[in-house]
1. Below 8 Å, C-alpha to C-alpha, sequence gap of six or more: please give me the relative contact order for the stretch 59-204 in percent.
2. As a quick test, which of the pairs 7/45; 27/55; 113/194; 55/113; 12/181; 27/183 have an alpha carbon distance above 23 angstrom in this structure?
3. What is the distance in Å between the Cα centres of the stretch 109-126 and the stretch 79-97?
4. In degrees between 0 and 90, to the nearest 10, how far off the longest principal axis of the chain does helix 159-180 point, with axes built from Cα atoms?
5. Taking the C-alpha atoms of the chain, how large are the radius of gyration and the largest Cα-Cα span, Dmax, in Å?
6. Only four residue types carry charge here, +1 at the Cβ of Lys and Arg and -1 at the Cβ of Asp and Glu. Report the dipole size of the chain about the Cα centre in Debye, rounded to the nearest 20.
7. Suppose the chain between residue 102 and residue 73 were pulled fully straight at 0.36 nm per residue; how much longer would it get relative to their current alpha carbon spacing?
8. Can you list the HN-Hα couplings for the stretch 124-137, worked out from phi with the Karplus curve (6.51, -1.76, 1.60; θ = phi - 60°), rounded to whole Hz and with x for Gly and Pro?
Amino acid sequence: MKPTPIKKSEAKRLHILNTSSNLILHKGFTGVGLQEILQSCEIPKGSFYHYFQSKEAFGCELVQHYVDNYQVRLNNVWRSDKSPYQKLIEYFNLWIEDPETQCGWADSCLIVKLAAEVADLSEDMRSIMSAGVDDVIERIAALIDLGKQDLSIQADTEASTLAQVLYQMWLGAALLSKLQKNKIPLHQALRATKFLLKSEDSNKNTIPSCI
């Protein structure tokens, strides 16, 4: 069965979102003016306002678009036949480097880039990002529970708490990685993740020392 073709209007909207995403990823939401978005997407101002009522409305759709795409990427990791522990380690390895893009998810994460910037700027954007993060944490927790059942994960901590701690650790590691301009914090987070999950190979890993 052939996929349903995307309507021209929807294709243009997605073009604006995809093109602007890279721009805002590097400069931030407030650091990019409307004129720069128009030039980058090669569209007139009228076309922009045809799809988005305001820059904030555009920001909301941009973040929701990112969250939706993130869930698709997460589905691709989750649907493998690997153990829950292996899936989680594969997921967090992708934060460091994605072989398909030669770029880690941490480097291309709009949540990392925009969370602090827009939290007090736009309640609607903050709400979308918060809901997206909550959903990811819930999915991590569900996988931890499955791992406890098949014994690939042997952590004593409650799954929901451990999932929250892991995500917070990786979010902080991503920020430090940007600040220090290296991936050492991400590799330390990976070692700590293996330790916290207490899998069969956890004895080969020690908690990394703090910088």
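Quick note: the coordinates plus some simple rules give every number you see, no bench work behind them. Everything quoted here is computed from the prediction, not taken from an experiment. Cβ placement follows ideal geometry from the backbone for every residue including glycine, while neighbour counts extend to all protein chains displayed.
1. Relative contact order comes out at 25 percent.
2. Correct reply: 113/194; 12/181.
3. Cα centroid to Cα centroid, the span is 27 Å.
4. Helix 159-180 sits roughly 60 degrees off the main axis of the chain.
5. Rg, Dmax (Cα atoms, Å): 19.0, 60.
6. So the magnitude is around 540 debye.
7. Length gained between residue 102 and residue 73: 8.9 nm.
8. Ordered by residue, 3J(HN,Hα) equals 5, 5, 4, 5, 5, 5, 4, 5, x, 5, 4, 5, 5, 5 Hz.
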